[in-house]
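Have a look at the structure below before the remarks.
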Amino acid sequence: MSEGTHNFEYDLTKTFFKNMENEDIRDAQVHVGLTVKHQGDLYELQFAIEGILTLLCDRCLDDLEFPVDTVYAINVKYGDDYNDDSDDLLIIPESDNYLNVAYMIYDTVALTIPIKHVHPLGKCNRAMSAMLKKHRAQSADDEDAALEESLMDEIDSMDTASEQRTDPRWDALKNLSQD
């Protein structure tokens, strides 16, 4: 690659994630812009990733559209052996004449997905929510069902509580930047 700045564009669909053996992503419309700055023996890669992933809601099993908007930067240079010990520098052998960035893109997108993917409170499929509540009520005398219900209620209350309150230490830091 000649010295200078080079731009690449990629559009990812569910086929990309299926080939990466990710079953969590049911569909995808993701655009990736890659800017490569080549200066001497260093390549600066800047990924800008934006789009929509379709995931399965953990609560109601309906499709959940999850927006992705992230950036990732890494430097790449040639060396004797492959070395990815550093978070911001990748060394590849001089015998390699290309770099497959698919795994970098996949990892960046996969890390934006939260562990728990659920619709916002009140947005889940009402029929499925009603069935879940009915199932909970029918087996309420069972000790395991009671524990499951209390855990689900606790998770729901944590969701609403975390949306309503903020950490006062962060609020104090936010006030510093406004002065």
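Scanning the stretch 49-74 for residues that are open to solvent by less than 50 Å² (accessible area, probe 1.4 Å), touching a strand residue (DSSP E or B) at 6+ places or on another chain (Cβ under 9 Å) and either without any contact (Cβ under 8 Å) to a residue 40 or more places away in the chain or farther than 16 Å from Phe8 by Cα (or both) turns up Gly51, Leu53, Thr54, Leu55, Cys57, Leu64, Phe66, Val68, Thr70, Ile74. Tallying residues that are surrounded by fewer than 16 Cβ atoms within 10 Å (Cβ to Cβ) and either closer than 13 Å to Val32 by Cβ or touching a His at 6+ places or on another chain (Cβ under 6 Å) (or both) within the stretch 104-115 yields 2. Of all residues in the stretch 84-101, none are open to solvent by less than 30 Å² (accessible area, probe 1.4 Å) and closer than 30 Å to Cys124 by Cβ. Counting just the residues of the stretch 97-133 that are more than 30 Å from Phe17 (Cα to Cα) and not small (Gly, Ala, Ser), which one comes out modelled with the highest pLDDT? Among residues in the stretch 97-133 that are more than 30 Å from Phe17 (Cα to Cα) and not small (Gly, Ala, Ser), the one modelled with the highest pLDDT is Met131. The set of residues from the stretch 22-39 being assigned to a strand (DSSP E or B) and exposed (fewer than 13 other Cβ atoms within 10 Å of the Cβ) comprises just one member, Gln39. The single condition among (1) open to solvent by less than 50 Å² (accessible area, probe 1.4 Å); (2) at pLDDT 70 or above; (3) basic (Lys, Arg) that Arg136 does not satisfy is (2). Across the stretch 1-21, what is the total count of residues that are more than 12 Å from Ile105 (Cβ to Cβ), open to solvent by less than 90 Å² (accessible area, probe 1.4 Å) and either in a strand (DSSP E or B) or in contact (Cβ under 8 Å) with a residue 12 or more places away in the chain (or both)? The number of residues fulfilling the criteria is 5.
The values are calculated or read from the model by the stated rules, or taken from the named source; none is laboratory data. Quick caveat: nothing in here was measured; it's all calculated off a predicted structure. Here the Cβ is made from the backbone with ideal geometry for all residues, glycine too, and neighbour counts use every protein chain on show. Quick note on the areas: whole protein, heavy atoms, side chains included, nothing else; ligands and nucleic acids left out. Shrake-Rupley method; radii C 1.70, N 1.55, O 1.52, S 1.80 Å.
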